[in-house]
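Working notes for the structure below.
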């Protein structure tokens with residue numbers, strides 16, 4: 001069986017993993033947003049991180065893949081972990097102030113930024129079509145942020161900064177993907193994020209959670225860990241160009257959770273911004289797939 005035939009055979013499973021992974025991650029984010037009303041973000045990060053790492057470590061051990069946690073490029077891993085830490089702090093703080101779907105949509109500007117940064121950092125050429133999509137996508141961000149007038153949404157800058165740091169960390173991931181496993185990357189990044197968050201808790205801001213909230217904190221970690229596993233498995237089962245657009249299904253989850261839990265309804269300008277960001281992102285993925293096939 002050829003590689004392309006194998007991809008066709010497992011495309012359905014790959015799409016299912018992508019949709020399920022995006023859904024679990026958004027549910028986890030929704031639970032985090034709920035918890036930010038009563039607990040500091042740093043405490044949430046520490047507890048959630050523990051229940052991301054513990055199942056991951058146990059799974060690697062049971063599958064005899066502890067060697068996959070080995071780090072061969074510590075410098076690059078450390079830099080990516082720092083960017084990941086900043087990204088997590090920005091995104092989770094954004095959840096405190098933004099509707100879930102809006103926070104998610106703006107963070108999805110990351111593919112646009114990656115494409116723009118691919119020119120100076122990866123030496124890739126970007127044609128006018130993709131540059132046009134980048135401009136359209138950033139136009140969508142501006143529609144949501146509304147930088148002119150009294151209705152400016154400063155909190156929307158948090159997920160936008162998340163998209164920027166996320167773009168840099170994804171570029172580094174591309175550089176180290178030949179030698180570093182996905183598990184080792186996730187392990188290093190999550191560990192550093194927990195350590196930094198724990199340092200902020202030394203000032204006594206830790207709050208003893210209720211039993212229900214403690215279970216919810218555990219659930220956010222388990223859901224996030226399962227989501228990352230599914231998202232990694234997605235690209236093992238199918239071509240990235242085919243399954244990547246289904247990552248935007250997270251917006252559907254975000255809209256539904258936001259509506260039923262917080263009664264959030266995006267404004268007409270928010271809808272326009274979401275459509276522009278998602279549409280340009282999917283178009284860039286499409287053009288990238290064409291470019292690779294041509295190459």
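The values are calculated or read from the model by the stated rules, or taken from the named source; none is laboratory data. Source: prediction; values computed, not measured. No Cβ is skipped: glycine too gets one built from the backbone with ideal geometry, and neighbour counts run over all protein chains shown.
Some points to look at:
- Residue in region 141-150 that is modelled with pLDDT of 80 or more, farther than 17 Å from residue 266 by Cα, assigned to a helix (DSSP H, G or I) and touching a helix residue (DSSP H, G or I) at 6+ places or on another chain (Cβ under 9 Å) present: no
- A residue that is assigned to a loop (DSSP other than H, G, I, E, B), more than 30 Å from residue 283 (Cβ to Cβ) and at pLDDT below 90 occurs somewhere in region 52-63.
- Filter result (within 13 Å of residue 183 (Cα to Cα) and in contact with a helix residue (DSSP H, G or I) (Cβ under 7 Å, 6 or more places away or on another chain)) within region 66-80: 66, 68, 69, 70, 71, 77
- Out of 271, 262, sole residue that is surrounded by fewer than 21 Cβ atoms within 10 Å (Cβ to Cβ), more than 16 Å from the chain's Cα centre (by Cα) and free of Cβ contacts under 8 Å to residues at least 24 places away in the same chain: 271
- Filtered residues of region 102-129 (kept if within 13 Å of the chain's Cα centre (by Cα) and assigned to a helix (DSSP H, G or I)): 103, 104, 105, 106, 107, 110, 111
- Scanning region 5-16 finds no residues that are in a helix (DSSP H, G or I), touching a residue at least 40 places away in the same chain (Cβ under 8 Å) and more than 17 Å from residue 233 (Cβ to Cβ).
- Listed by first and then second residue, the pairs with beta-carbon distance under 6 Å, at least 6 apart or on different chains, first residue in region 227-246 and under 12 Å from residue 13 (Cβ atoms), second at pLDDT below 80, are 237/10; 238/7; 238/10.
- Check on residue 202, closer than 24 Å to residue 44 by Cα, out of contact with any helix residue (DSSP H, G or I) (no Cβ under 6 Å at 6 or more places or on another chain) and assigned to a helix (DSSP H, G or I): yes
- Of the residues 187, 246, 235, the single one that is closer than 26 Å to residue 108 by Cα, within 22 Å of the chain's Cα centre (by Cα) and at pLDDT below 80 is 235.
- Scanning region 94-130 for residues that are surrounded by fewer than 18 Cβ atoms within 10 Å (Cβ to Cβ) and modelled with pLDDT of 90 or more yields 96, 97.
- Number of the exception - residue 90 against (1) modelled with pLDDT under 90; (2) farther than 18 Å from residue 270 by Cα; (3) part of a helix (DSSP H, G or I): (1)
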